[in-house]
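K.L.:
Okay, here's the structure, questions in a sec.
The values are calculated or read from the model by the stated rules, or taken from the named source; none is laboratory data. Keep in mind that this is a model prediction, so the values were computed, not measured. Methodologically, a virtual Cβ is constructed for each residue, glycine included, from the backbone with ideal geometry; neighbour enumeration extends over all protein chains shown.
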Amino acid sequence: MKPIQDSLRKWGSQSDLQKQLQQLKENVLSHQEIRSFIDSHQLTNDIVERHLMLFYEYTTQQHSCNSCSSVDQCINVMKGYLPKLVYTGTRIEIRYEKCDSNIRESTMKKQQSLVQGMAIPDEVLNATMSDLDTLELASKRRAVSLAVDFIDQYKSSPPPVGLYIHGSFGTGKTYLLGAVANELKSRYKASSLLLFVPEFIRQCKESLGNDSLARRVQAVQEAEVLMLDDLGAESMSSWMRDEVLGPIFQYRMMHKRPTFISSNLGVDELLHHFSYSQRGEHEQLKAMRIMERIRTLTIPVELTGKNRRDKK
């Protein structure tokens with residue numbers, strides 16, 4: 001019996017409980033937004049009384065993002081969502097809508113996902129057009145100018161063709177690809193897929209014999225903007241040229257999908273690269289066929305300058 005009495009004593013007397021409930025009710029109904037909601041909908045006392053707990057729930061939550069800098073810091077029941085009172089004509093509901101912080105973070109994550117890379121350095125994935133080496137701008141003027149033209153005309157119909165950027169090691173070919181991809185992202189919310197070709201080919205070989213190869217090739221074919229980095233650095237096989245790269249270029253040519261390529265090889269050198277298989281077979285006609293697709297998809301431009309990787 002004593003434990004029960006102790007428990008009741010903790011709750012206090014019935015009159016104390018009534019006082020607490022009355023004080024809670026007064027606090028809720030004096031809340032500016034609750035008062036405004038009741039007045040604007042001309043709610044009866046009966047409706048208000050039946051929804052006191054719902055009003056209380058509303059008052060315990062944040063109604064703006066002023067006091068938190070990120071969704072993780074949100075104190076609301078549903079993190080990243082703000083409560084909104086709604087009167088349906090018969091009852092009152094709380095509906096939750098995304099807050100500004102949630103919208104901002106979701107937009108940022110979506111934009112970050114627009115530029116996807118395979119074996120591409122973070123420096124390239126974060127590159128911007130404004131970061132291009134201005135000290136060497138004269139030697140890069142045509143490449144940069146063509147890249148800017150592409151970006152400006154991206155939304156035209158049909159879309160502009162991409163670039164075949166070639167030059168010696170470390171001149172900024174890959175960096176330029178990343179800068180174009182990020183500019184397309186920020187200006188048009190366009191998505192780009194950047195692939196380091198030797199790594200892509202290695203993964204394709206590992207996918208032989210299962211359906212993941214077809215899915216991998218299809219994803220590359222259908223990319224909104226495709227950027228192939230270091231084409232020609234791979235050890236070429238007839239299968240890779242004719243069954244993987246060929247169909248990718250053919251699809252993108254037929255569907256007018258913008259395509260960029262970087263390479264250490266000029267156009268004629270790439271033709272020679274495609275002409276010989278790993279077994280030493282000379283297949284000029286097949287090489288010419290894939291080069292014709294590349295010429296249709298891109299404008300060749302040489303990128304010269306000092307080796308950016310040379311720290312000496």
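K.L.:
How many residues are farther than 15 Å from GLY117 by Cα and either in contact with a strand residue (DSSP E or B) (Cβ under 6 Å, 6 or more places away or on another chain) or crowded, with 16+ Cβ neighbours inside 10 Å (or both) when one looks only at segment 185-206?
P.N.:
So the answer is 1.
K.L.:
Then there's this: Among the residues of segment 14-50, which ones are of a type outside the set (D, E, K, R), modelled with pLDDT under 90 and more than 21 Å from GLN61 (Cα to Cα)?
P.N.:
Correct list: GLN14, SER15, LEU17, GLN18.
K.L.:
Something else: What's the number of the condition LEU213 fails, among (1) at pLDDT below 90; (2) assigned to a loop (DSSP other than H, G, I, E, B); (3) on the phi < 0 side of the Ramachandran plot?
P.N.:
(2)
K.L.:
Moving on. So which residues in segment 12-69 are in contact with a Ser or Thr (Cβ under 7 Å, 6 or more places away or on another chain) and aliphatic (A, V, I, L, M)?
P.N.:
VAL28, ILE34
K.L.:
Restricting to segment 44-79, count the residues that are outside any helix (DSSP H, G or I) and surrounded by 11 or more Cβ atoms within 10 Å (Cβ to Cβ).
P.N.:
Matching residues across segment 44-79 total 13.
K.L.:
Please name all residue pairs, on different chains or six or more residues apart, with Cβ atoms under 9 Å, provided the first residue is in segment 37-66 and is of a type in the set (D, E, K, R) and the second residue is surrounded by 10 or more Cβ atoms within 10 Å (Cβ to Cβ).
P.N.:
These pairs meet every condition: GLU49/LYS25; ARG50/ARG91; ARG50/ILE92; GLU57/VAL77; GLU57/PRO83; GLU57/ILE94.
K.L.:
Select from segment 143-157 the residues that are touching a residue at least 60 places away in the same chain (Cβ under 8 Å) and assigned to a loop (DSSP other than H, G, I, E, B) and list them in ascending order.
P.N.:
TYR154
K.L.:
Can you spot a residue in segment 261-282 that is part of a helix (DSSP H, G or I), at pLDDT 95 or above and over 30 Å from VAL144 (Cβ atoms)?
P.N.:
No, that holds for no residue.
K.L.:
Given the criteria among the hydrophobic types (A, V, I, L, M, F, W, C), within 29 Å of ILE151 (Cβ to Cβ) and more than 26 Å from the chain's Cα centre (by Cα), does LEU231 qualify?
P.N.:
So LEU231 fails the test.
K.L.:
Here's something else I'd like to know. Go through (1) more than 32 Å from the chain's Cα centre (by Cα); (2) of a type outside the set (Lys, Arg); (3) within 15 Å of ALA214 (Cα to Cα) one by one and return the number of the condition ASP268 breaks.
P.N.:
Answer for ASP268: the failing condition is (3).
K.L.:
When you check ARG104 against the structure, is it at pLDDT below 90, outside the structural domain of TYR188 (by TED's automatic domain parsing) and closer than 30 Å to LEU177 by Cα, yes or no?
P.N.:
yes
K.L.:
Same structure, new question: Can LYS140 be described as more than 22 Å from the chain's Cα centre (by Cα), of a type in the set (D, E, K, R) and assigned to a helix (DSSP H, G or I)?
P.N.:
In short, yes.
K.L.:
So is ALA190 assigned by TED's automatic domain parsing to the domain that holds GLU123, on the phi < 0 side of the Ramachandran plot, without any contact (Cβ under 8 Å) to a residue 60 or more places away in the chain and among the aliphatic types (A, V, I, L, M) or not?
P.N.:
Criteria not met by ALA190.
K.L.:
Kindly indicate which of PRO160, PRO247 is outside any helix (DSSP H, G or I) and surrounded by fewer than 20 Cβ atoms within 10 Å (Cβ to Cβ).
P.N.:
PRO160
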